[in-house]
1. Would you mind calculating the gained length between residue 301 and residue 231 on full extension (0.36 nm times residue separation, minus the Cα-Cα distance), in nm to one decimal?
2. Using a 1.4 angstrom probe on heavy atoms only, work out the carbon and sulfur share of the accessible area of segment 149-269 in %.
3. Taking GluC sites (Glu not before Pro) that fall in a DSSP loop and have at most 16 other Cβ atoms within 10 Å as cut points, what is the longest piece of the chain between them?
4. Taking 0.36 nm per intervening residue step and subtracting the Cα-Cα distance, what contour gain separates residue 81 from residue 281 on full extension?
5. With 31 Å as the cut-off, how large is the P(r) tail for the chain, expressed as percent of Cα-Cα pairs?
6. If each DSSP helix of 4+ residues adds -39,500 (n - 2.57) and the sum is divided by the residues in the chain, what number results at 222 nm, nearest 500 deg cm²/dmol?
7. Using label points projected 7 Å from each Cα along Cα→Cβ, tell me how many nm separate residue 223 and residue 73, to one decimal.
8. What length, rounded to one decimal in nm, is gained on full extension from residue 156 through to residue 255, with 0.36 nm per residue of separation minus their alpha-carbon distance?
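The values are calculated or read from the model by the stated rules, or taken from the named source; none is laboratory data. Everything numeric here is computed off the predicted structure, so don't read it as measured data. When we count neighbours, we look across all protein chains shown, and the Cβ atoms used for this are built from the backbone with ideal geometry, even at glycine. Accessible surface areas use protein heavy atoms only, side chains included; no ligands, DNA or RNA. Shrake-Rupley method; radii C 1.70, N 1.55, O 1.52, S 1.80 Å.
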Amino acid sequence: MKIAFVGKGGSGKTTLSSLFVRHLAADGAPVVAIDADINQHLGAALGLDDAESAGLPAMGAHLPLIKDHLRGTNPRIPSAEKMIKTTPPGEGSRLLRVREDNPVYDACARPVELDGGAVRLMVTGPFTDADLGVACYHSKTGAVELCLNHLVDGRDEYVVVDMTAGSDSFASGMFTRFDITFLVAEPTRKGVSVYRQYKEYARDFGVTLKVVGNKVQGPDDLDFLREQVGDDLLVTVGHSDWVRAMEKGRPPRFDLLEDVNDRALRALRTAADETYESRDWERYTRQMVHFHLKNAQSWGNERTGIDLAAQVDPGFVLGEEVAAPA
């Protein structure tokens, strides 16, 4: 299952996504965790120290390798240089799978040992002031989108993405790449503003959106969230001594997480697992093509010097039964 955590800065989405990753790992589930946020904090939230976090390989720095691997023998893509972040897979493309070993994971993923298991962690790479608003910034998140476009995951396999705040995912279509999106919202007007933005954009694309109320301190906070987001409110999370210790760099054993917060994480997993039966790979592929054509017309054709619409394989549908080329 492909799962996104979104929310405004400071909402606690990285903390919640890291707790969810730990929960999955503790149950022995295969997990690929991706830090796609501008502020790279997922590694630290998973227990890495500053040096270990800084040493993680950046996906953006390996974009040529990623493109070359995913292109495979697809005859519609003349070269890796002609791929853009929305290029969809077609016949001959190489696909990524959660449990496999491949050159993309070798270059970009590192194992992180957690209670009860290990996860693969991938990061876009650190962002600097020089990155913001220019092509190299988008190439970093673009590497994540390309991987998601070529990813085939099955039941009880999990890809958890800590997303950047703002509207970047709307422009490219990355917000449609997930089985479920958990929006972390504080019980404030600013806290629910991102929810309204996501709800508006997601309405026409069949995006499954659920709200996780964070920093909820009492009945008034709960009533406020219920009033603002209605049935989209899935669970709420309050104060956690476990999280406080983790933020100090001294996390206890994960099985000591408070019962109420453990139940909240189990509710998130149940909600994610329930989306498996409603998967629509044809719609998923159609949405990839929609945003690819949109990006091709707005900037891609001019940048690459070719008609990127020719990269679309009209007979290809991504799905679990699609075989990777030899």
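1. That pair, residue 301 and residue 231, stretches by 21.0 nm at full extension.
2. Reported share for carbon and sulfur atoms: 45 percent.
3. By the stated rule (loop sites, at most 16 other Cβ atoms within 10 Å), 101-257.
4. Contour length minus the Cα-Cα distance gives 69.3 nm.
5. 28
6. Result for the chain, helices only: -11000 deg cm²/dmol.
7. Result: 6.6 nm between the two label points.
8. This chain segment gains 33.6 nm when fully extended.
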